[in-house]
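The values are calculated or read from the model by the stated rules, or taken from the named source; none is laboratory data. Note that the structure is a prediction, hence the values are computed from the model and not measured. Neighbour counts run over all protein chains shown; Cβ positions are idealised from the backbone, glycine included.
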Amino acid sequence: MVSIIVPIYNVEQYISRCIESILAQTYRDFELILVDDGSPDMCGTICDEYAKQDSRVHVIHQENKGVSAARNAGISLAKGEYISFIDGDDYVEKDFFERIITQFTGEVDCVCFGYNSVDDDDNELGTLRYQTECFKLNTEKERCEFIANKLLQHRITWEVWNKIFRRDVIENNKLRFLDNREIIAEDQLFCTYYCLYAKCILCTDDTPYNYVVHQGSIMANRNGKSYLKQIAYMTEQLFLHLSSNGCSWALQYFPLFHYLIVRNEIQVIQKDQNIDIRNIRNKILLEVANQEFFFEQLKKMKLYKNHLFKLWGENSARIELSTIRFLINGKYTAMRIRNKLIRICR
């Protein structure tokens, strides 16, 4: 059985399409857990009506706590062998689960699939499609390499809604979303945790999920400086998880994980806000002056010089190392020019 968890907040315009696309599935062995996260519109009432009509539908009503808390509530109620997360404004093809669940063999812990991006009027914006590939992760080193080379390089996207997970991996390792409504990229942290324990991850070239892109979304309007602070908080939480759960091998990789997360998110901010590299580096320099944890991890990156060359090739790796040196050297000069930078970055 598949437990399908849908966090719901302020999506009255879309929620019926989402639910009906799930109830119309050709694969019938599922439970649908709708988590009304204190939605101020009619979403809660709509969910209750569907629950009256179909015994597979379960509704949780809670005060507004954010998407992570909503997903966690769904996980706690789930009884299926597999867990799927679907956002309340998205929808899936009618044979979605039939196409994906058949990909699970005895050893596969997670199936990753592509998706179609559509706008509010259902116009297709593009398709992300993976090559079919199976990654066997039998050792801690192989799992760390997968996280660094695939997940944190965005070669496999980190959203949870284009993956199906085994529930026993989640429960046996007490995995939950970081329950902090201010955090961004909570999906990335959850997927990183999951990959620390998965033994086999399968990517399929199928694209059965429809992701609705809204104009003016939160992710499209993020503030660079506050976003960097949230990323710093997220990486600290990853460090705490590794430290408190005996992930000794992964701790050795943590400086690399940390750098890749921050590096990738800097690129996202730069792309979203059309910020030139000098300006974004100045903002980072200001952050480094105030983030001792970030600086300590950067200093350790010199141990990963060969790994960077393996990841990106000689030319790109030299650019990355140059950026790292810039940031480290910046720590020693940041306090001297800090007041000037504050004026620039405001």
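With respect to CYS134, is the statement that it is surrounded by fewer than 18 Cβ atoms within 10 Å (Cβ to Cβ), among the hydrophobic types (A, V, I, L, M, F, W, C), under 15 Å from ASP205 (Cα atoms) and assigned by TED's automatic domain parsing to the domain that holds LEU202 true?
On the way: surrounded by fewer than 18 Cβ atoms within 10 Å (Cβ to Cβ): yes; among the hydrophobic types (A, V, I, L, M, F, W, C): yes; under 15 Å from ASP205 (Cα atoms): yes; assigned by TED's automatic domain parsing to the domain that holds LEU202: yes.
The answer is yes for CYS134.
Do we find that ASN162 is over 14 Å from the mean Cα position of the chain (by Cα) and among the polar types (S, T, N, Q) in this structure? For ASN162, the condition - over 14 Å from the mean Cα position of the chain (by Cα) and among the polar types (S, T, N, Q) - is not met.
Counting only strands (runs of 3 or more DSSP E) that sit wholly inside the stretch 92-137, those with at least 1 residues that are touching a Ser or Thr at 6+ places or on another chain (Cβ under 8 Å) are 110-112, 115-118, 124-128.
Across the stretch 61-73, not a single residue is classified as assigned to a loop (DSSP other than H, G, I, E, B) and within 23 Å of GLU133 (Cβ to Cβ).
On the basis of being in contact (Cβ under 8 Å) with a residue 60 or more places away in the chain and in contact with a Phe, Trp or Tyr (Cβ under 9 Å, 6 or more places away or on another chain), does VAL2 make the cut?
Details: in contact (Cβ under 8 Å) with a residue 60 or more places away in the chain: yes; in contact with a Phe, Trp or Tyr (Cβ under 9 Å, 6 or more places away or on another chain): yes.
It is true that VAL2 is in contact (Cβ under 8 Å) with a residue 60 or more places away in the chain and in contact with a Phe, Trp or Tyr (Cβ under 9 Å, 6 or more places away or on another chain).
Cβ separations smaller than 8 Å between residues 6+ apart or across chains give the following pairs from the stretch 132-155 residues that are touching a residue at least 40 places away in the same chain (Cβ under 8 Å) to residues that are among the acidic types (Asp, Glu) and not in a loop (DSSP other than H, G, I, E, B): LYS136/GLU142. Within the stretch 160-203, track down each residue that is crowded, with 17+ Cβ neighbours inside 10 Å and of a type in the set (Asp, Glu). Within the stretch 160-203, GLU186, ASP187 qualify.
On the given criteria, is ASP206 surrounded by 17 or more Cβ atoms within 10 Å (Cβ to Cβ), assigned to a loop (DSSP other than H, G, I, E, B), modelled with pLDDT of 80 or more and of a type in the set (D, E, K, R)?
yes
Based on this model, can you work out whether SER76 counts as closer than 23 Å to PHE177 by Cα and without any contact (Cβ under 8 Å) to a residue 12 or more places away in the chain? Please lay out each step first, then the result.
On the way: closer than 23 Å to PHE177 by Cα: yes; without any contact (Cβ under 8 Å) to a residue 12 or more places away in the chain: yes.
It is true that SER76 is closer than 23 Å to PHE177 by Cα and without any contact (Cβ under 8 Å) to a residue 12 or more places away in the chain.
Looking at the stretch 17-34, which of its residues are within 25 Å of the chain's Cα centre (by Cα) and either in a helix (DSSP H, G or I) or not assigned by TED's automatic domain parsing to the domain that holds GLY74 (or both)? Selection gives ARG17, CYS18, ILE19, SER21, ILE22.
For the stretch 29-48, a residue qualifies if it is loosely packed, with under 14 Cβ neighbours inside 10 Å and of a type in the set (D, E, K, R), and exactly one does: ASP29.
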